[in-house]
1. Modelling each spin label as a point 7 Å along the Cα-to-Cβ direction, I'd like the Q263/D286 distance in nm, to one decimal.
2. GNM on the chain, C-alpha springs below 10 Å: top fluctuator among M219, M300, M187?
3. In whole Hz, with x marking every Gly and Pro, tabulate ³J(HN,Hα) for the range 88-103 from phi via Karplus 6.51 cos²θ - 1.76 cosθ + 1.60, θ = phi - 60°.
4. Any idea how far apart R222 and I76 come out in nm if each label point goes 7 Å out from Cα toward Cβ?
5. Can you sort S259, S297 by how many other beta carbons sit within 10 Å, fewest first?
6. Using θ = phi - 60° and the Karplus curve 6.51 cos²θ - 1.76 cosθ + 1.60, what whole-Hz ³J(HN,Hα) does each residue of the range 68-81 get, with Gly and Pro shown as x?
7. For R244 and E12, what is the calculated FRET efficiency with R₀ set at 41 Å and r taken between the beta-carbons, to the nearest 0.05?
8. Once the cut-off is 26 Å, how many percent of the Cα-Cα pairs in the range 182-316 end up in the long-distance tail?
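All of the numbers you see were taken from the coordinates with simple rules; none came from a lab. Computed from a predicted structure; not experimentally measured. Cβ sites come from the backbone with ideal geometry, for glycine too, and all protein chains shown count toward neighbours.
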Amino acid sequence: MAGAQGSDPTGEAPPVIAVVGPTGSGKSDLAVSLALELDGEVINADSMQFYRGMDIGTAKITDAERRGVRHHLLDILDVTEEASVSAFQHQARAVVADIHSRGKRAIVAGGSGLYVRAALDVLEFPGTDPDIRRRLEAELEAAGPAPLRERLEAADPVSAARLGDARRIIRALEVFELTGRPFSSFMPERKYFQPAVQIGLEVDRELLRERLAQRVHAMVERGLLEEVRRLDAAGLRHGKTASRALGYAQFLRVLDGVSSVAQATDETILATRQFARRQLTWFRADPRVHWLDWRDSDLMNKAAALCGTPPDPPLA
């Protein structure tokens with residue numbers, strides 16, 4: 001029996017719901033259950049699930065697993081396109097407004113922390129300049145990352161201390177040249193753009209480690225290598241974002257003959273576990289997240305109660 005509709009007699013939209021946590025913790029399943037209970041629709045906030053054809057390696061929710069619930073912002077990019085947090089922010093907020101206008105609940109689900117914040121929080125994104133970007137990338141190619149890092153340390157020591165990879169250093173320098181402001185000045189306070197509630201899935205870390213290993217092995221058995229081979233033909237390795245996805249980067253090396261399937265599987269398991277730890281660190285830093293035990297037999301009812309619309313009582 002479905003719970004109360006998302007409309008509010010006062011005319012105000014209900015809070016946006018976000019289901020967050022590490023990869024493999026069951027976010028997609030809980031989001032679908034909440035959508036069925038609260039008459040909602042799900043908005044994807046996993047940046048790698050934007051890509052068409054990246055299904056096995058991203059554990060993208062299948063049509064059967066969606067159980068009839070409408071999902072948004074899945075399969076919206078080709079693998080050669082670059083994902084943009086700024087573009088996602090505009091898309092996600094437009095989808096939230098549409099869902100609420102139809103009296104339904106908007107449920108954001110995903111483990112890409114910055115994308116979740118882009119959907120929920122007051123968050124300003126500086127523009128881009130392709131000419132500046134190309135020049136900085138040429139400098140990186142010619143001299144390596146050290147000179148760029150030194151320049152960033154002088155202009156924006158806060159960002160220099162936070163950012164590790166060359167791509168992010170280039171972005172920080174681009175923003176500084178474009179705006180005259182340090183990239184770190186654009187980091188937001190934890191302030192919701194509109195009312196929201198975040199539900200985090202609390203995991204047993206050792207059980208999660210085992211689950212992630214089993215999941216990667218299952219992906220390989222389902223045809224991950226063949227999926228990577230097909231996407232490689234479609235330009236995967238030329239995509240700045242998609243080519244770095246967990247599993248895809250590792251299995252591209254199998255296609256290149258530099259890794260075996262067994263090696264790529266082990267590397268993917270390790271990288272996935274490391275990613276899950278980073279996700280937990282990210283979401284744990286947000287005091288607004290309500291944490292629930294991922295294995296609680298009453299998980300869905302407890303989550304629904306947090307959303308401001310309790311489910312109907314069970315039938316006698």
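1. Going from the Q263 label point to the D286 one covers 3.8 nm.
2. Answer for the Gaussian network model of the chain: M187.
3. For the range 88-103, the Karplus-derived couplings read 4, 4, 5, 5, 5, 5, 5, 5, 4, 4, 5, 4, 5, 5, 9, x Hz, x marking Gly and Pro.
4. That separation, rounded to one decimal, is 2.2 nm.
5. Lowest to highest Cβ neighbour count: S297, S259.
6. Working through the residues one at a time gives x, 7, 5, 10, 10, 6, 9, 6, 10, 10, 7, 5, 7, 8 Hz.
7. After rounding, the FRET efficiency stands at 0.50.
8. So the pairs more than 26 Å apart make up 47 percent of the total in the range 182-316.
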